[in-house]
Amino acid sequence: MNITTPVIAALTLAGMATLAACGVGEAGVADSDVRQATTPVPVEIAYPYRENIYASYEATAVLTSDADAPVVARVAGELVELLVEEGDTVEAGQVLARLDGERLRLEMLAAKANLTRARKEHGRNANLHERGLISASAVEGLKYDLAALKASYDLAALNYGYSNIRSTIDGVVAAREIKPGQNINAGDVAFRITDTAELTAHLQIPQSQLPKFQVGQTATLHVASMPGVEFPASIVRISPTIDARNGAFRATAVIENSANRLAPGMFGRFMVEYELHEDALVVPAAALFDEDEQSTVYVVNDGEVAKRAVETGIRAGDMIEILAGLSEYEEIVVIGHSGLRDGSKVFASNTDTNSFSG
């Protein structure tokens, strides 16, 4: 029996089946590639637009007040009356507390009595001298004694006045360091008064940034306790010397705070605007990606995208200036470009292409 013919026939059928199977698989992969190339990808698009844009520098600092003064006791004594509390608004010269000044009052009265007696004695001797009854030297000696007693009285009156502890500046009582009934020594800090109507911050700026700063520049302040709220500030002083410890110079910013929304001790983040580019062409920073160390965007034309290298300028927040490579009349992909390539089909998922909401 000859089996060669059936075997050859079987092998032939198996090979045809294999070829057929391979043909089906190749067709499936090709169809998938075609579908991927022709199926539009949802993206968000926007047009570049023009606006004034500032180059800025960010720095952090603690808010302080230049008008911050400790109020110290000038004389010793027991605190008998407390007239203000923390948070009270006070004026320069206002009495904040009273010490037991009875001893000082008596010393003042004694000095006054001695001064009064000396004045009367000097007056009598001056009259006698005019009548030629006593010498000029005797009257002159009484004159010096009178001056010394006047100084003693003035000092006693001054010390008695110091039994009233007074504010040295206008401001708010930031701290009370004494308690009723407490025995206070001369030189003890009784209160701390702070004027918070204007706050300051000392920004440490690297040497490399020095040419970008000048007096009069504006800044924007943000504090963690009030997210989203901006406070205006301005640069009023720039130190002419560099701090050798950190290689930085100091720029002083002033913040108007008449509404008392800010407080000394708050940690602030400052954005200093140092260079204005007027009518600049800007795009959202999310629209750009780097390829071969070149800033690139996807430009949309008739539902297809094409890569476009662009030259960028300054960045302000989430916006970047475009110096070359793009016009304000070209649509660009803002979100969704990570899965794109040249020639990919796209459709805009955002309805308003004049603004970016991503």
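Any read-out appearing in this document is the output of simple, stated calculations on the displayed coordinates, not a laboratory observation. These numbers were taken from a predicted model, which means no experiment stands behind them. Note that we place each Cβ from the backbone using ideal geometry, even for glycine, and neighbour counts take in every protein chain shown.
For the residues TYR49, TYR153, what sequence is obtained by ranking on other C-beta atoms within 10 Å, fewest first?
TYR49, TYR153
Modelled label-to-label distance, ARG103 and LYS307, 7 Å Cα→beta-carbon offset: nm?
8.9 nm
Within a 10 angstrom radius of the beta carbon, how do ASP100, ASP195 rank from fewest other beta carbons to most?
Ordered from fewest to most neighbouring Cβ atoms within 10 Å, ASP100, ASP195 come out as ASP100, ASP195.
Rounded to the nearest 0.05, what FRET efficiency do ASN127 and ASN164 give with R0 = 45 Å and r taken as the Cβ-Cβ distance? Could you check?
With a Förster radius of 45 Å, E is 0.65.
Roughly how many whole Å is it from the C-alpha centroid of segment 265-300 to that of segment 41-89?
Each part's Cα centre sits 28 Å from the other's.
Taking R0 as 51 Å, what's the FRET efficiency between ALA148 and ALA197 from their Cβ-Cβ distance, rounded to 0.05?
FRET efficiency, ALA148 to ALA197: 0.65.
For GLU273 and ASN246, FRET efficiency with R0 = 25 Å and r from the beta-carbon atoms, rounded to 0.05?
Efficiency for this residue pair is about 0.60.
Among residues other than ARG117 whose Cβ falls under 14 Å from its Cβ, what is the net charge (Lys/Arg +1, Asp/Glu -1)?
+3
What list of ³J(HN,Hα) values in whole Hz, one per residue of segment 42-51 in order, does the Karplus curve 6.51 cos²θ - 1.76 cosθ + 1.60 (θ = phi - 60°) give from phi, with Gly and Pro shown as x?
x, 9, 9, 10, 7, 9, x, 9, 10, 6
Got a sec? How would ILE322, ILE178, ILE242 order by Cβ neighbour count within 10 Å, fewest to most?
Ranking ILE322, ILE178, ILE242 by Cβ neighbours within 10 Å, fewest first, gives ILE242, ILE178, ILE322.
Residues with amide H under 5 Å of TYR162's amide H, sequence separation 5 or more or different chain, H placed in the peptide plane at 1.01 Å from N; which?
Those qualifying (amide H under 5 Å, at least 5 residues apart or on another chain) number zero.
What spacing in nm lies between the two simple spin-label points modelled at ALA110 and GLN94, each 7 Å away from Cα in the Cβ direction?
So the label points at ALA110 and GLN94 sit 3.7 nm apart.
Any idea how far apart ALA67 and ALA324 come out in nm if each label point goes 7 Å out from Cα toward Cβ?
Roughly 5.4 nm, to one decimal.
If contacts are Cα pairs under 8 angstrom and at least 6 residues apart, what is the relative contact order of segment 222-342 in percent?
Averaging sequence separation for qualifying contacts and normalising by length gives 19 percent for segment 222-342.
Can you tell me how much longer the chain between ASN260 and LEU83 gets when fully stretched, taken as 0.36 nm per residue apart minus their C-alpha distance, in nm with one decimal?
Extra length from ASN260 to LEU83 when fully extended: 61.4 nm.
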